[in-house]
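Every number here is computed from the coordinates shown, using simple stated rules; none is lab data. In this text the structure is predicted, and so the values were computed from the model without any measurement. With ideal geometry, Cβ positions are generated from the backbone for all residues, glycine too; neighbour counts draw on all protein chains shown.
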Amino acid sequence: MKRTALLLGTVMLGSLLAAPPALAAAPAAAPAAVSAAAPVTSVTRVKAGPATWSGECPTTVAFSATLAAKGKGTVRYRWVRGDGSKSAIRSFRVAGARKVVVRDRQTFDRDTTGWQAVEVLGKRGLSAKARFRVSCEGSPRRYDVVNPLPAQPDRPLVAAASVQASPPRYDGRCPTGVTFTATIQVSRTPAKVGYRWIDSATGEGPVEWAYFAADGPRSRQVTLPLSVGTSTAGWKSVRILNPGGHDSGRASYEVNCGTTPSPQPTNTPSPTPTTSSTPKPTTTSEPPAQQPQAAITALTPGDYEGYCDEPIAYQATGRITLPAGPAAAVGYWWTLDGAEWQHQTVSFPAGTQPRSQDVTAAWSFDQAKNGSHKLALTTQPGAAQAAERTFALSCTTDPDPAKLAIPYVLTPVYRGDCTQSIGLRVDARITTDRDADVRYRVVVDGKPGPVRTQDAKPGRAQSIGDLFYISPKDSGGGVIRLEVLNHNKPVKEKPYTVTCVPVDPAPGTVRISEFRPVHYFGDCAEAPYVTAFGAFRAAPDTEITWRWVIDGKPTEPATYKTNSGGLLQVQAFHWNRDTKTSGVVRLEVLNHNKPSAEGTYPVTCE
């Protein structure tokens, strides 16, 4: 047995949090090649603020970086996060030299350790990483309708927010709509509260204000509608800008367009689908006293030029403004390349000043949609001419594809708790005949994860892989598909297994909550190179001594403490299986109540 790398260690549970995987795009036609000299860029001063947080949660962490560009053209970039998620693609123009401070925000309601970095599209690699750590003290602090903010009329103002998505999950015909309702509360009146919506993909929105009259209600609700045209998922939260404010937690949503395919824009308007929950507004014989005005205030990413291995996610923000007057309801709809989207309605309270509300829309285009597109926002009643925005999609190809190969893949053999979401990994070895920028993704049970990038060099064996999450109810498993999306596009598809173990109601001081060897599938041209993982549960700061026993040979013991959540995750040495056959690995705790777990690490030579 040859041990080559020691990878014993611990990670916090929060560092495994990831956004839900993006959903698959339909097969697309060959993209058009685009060639243009890109500006020279550099990214500096990548920061997280605060980099370390210990206190009440939810809390919001800000990220910033300075992106310098020199040349002429468009710079496209996005934030890449350590949990696997990415922001929407953003861009700015440069003609000469320009420096731009780029920003992002994320909301956390549990212990989290992670990082964010800037990726400039068309440039290999990432910027320096802004690392951060969030330590939440006690249970998450939530103030909502059920748990109101206490009244404190004689103390400084305190404001809090909570957010709900309706519906949080949708499976059915698209386009459809998701409405986010934020409840903002104050500890006394009168009050003026500044707040921003934060989106998992596009970051923070504009500053908005909520007003509370003297001796009036201490809570009010604001809504943000989202029109959804294709399958998508994400979250929104609200950040309170007043000193001492309590940010909301994340309101997650998921839309699966299973009955009707993604919008297929045409050159002529198509019939508009309607639902009973959002009927199409009707007109009246009398002209309205108030004429709303519509504007498209943001479109992300706008014009896009680059790789289209994954669908390019778009998000638009519109603003509907109504003059001063009585309370009113305004109908609106989006139109994309002549195809109307679902009609929806926003309600305005009475006001002595002009009133505005933001509405949003989300969709995705794959490489089959190369070309120019037009987006419009129309209100009813409203101006004769809709607010419009044009944008272009230009997908590039690889001019000189490399010959890539995947000699082996390692899939998880999980045994442990199935009471919550489980984080698992798939890893593989990749080889190439020339320098190559490899783009790949992991598809778990038919659901694709985010696209990753890896530089590969000839004559050097390198690893690619990713983390994914499942929520099993029973023992079983599924299928993992590792797809390389460029060059000659090799693919490996293999099973993974899950064995659910009931939680012992009286486990003792230490419990082994997870035991996970890996299954080797490969050519066995060299001795299989394998590993194993485990996790312990105990009281916070419990010191645990353990060791691995690999094919009857024990490793040196190691000692670490559980984190503030009572979790300790460990990984064994990697080792070579010279016999090229399956073996046995065992995890033993050497102190406290001395629990242990043992299982086979399968080897399948193909």
Listed by chain and number, the lysines with an alpha carbon less than 20 angstrom from that of LYS99, same-chain partners under 8 positions apart left out, are LYS47, LYS70, LYS72, LYS123, LYS129
Taking Cα pairs under 8 Å and at least six residues apart, what relative contact order does the chain come out at, in percent?
-> 12 percent
Span from the region 469-483 Cα centroid across to the region 351-426 one, whole angstrom = 24 Å
What is the packing order of peptides 538-551, 143-156, taking the mean over residues of other C-beta atoms within 10 Å and listing the highest first?
-> 538-551, 143-156
Straight-line reach check, LYS374, cutoff 14 Å on alpha carbons, 8 or more apart in-chain or any other chain, hits among aspartates and glutamates -> ASP303, ASP337, GLU340, GLU388
So which cysteines of the chain have no other cysteine's Cβ under 4.7 Å from theirs?
-> none
Relative contact order, percent, region 31-136 [alpha-carbon distance under 8 Å, six or more residues apart] | 34 percent
Hydrodynamic calc, region 31-136: Kirkwood Rh from Cα pairs, then Stokes-Einstein at 37 °C with viscosity 0.692 mPa s, so D in µm² s⁻¹ is 222 µm²/s
Projected-area mean, the chain, by convex hull of Cα positions, square nanometres | 30.8 nm²
Straight-line reach from LYS236: which lysines have Cα under 18 Å away, leaving out those fewer than 8 places along the same chain?
-> LYS86
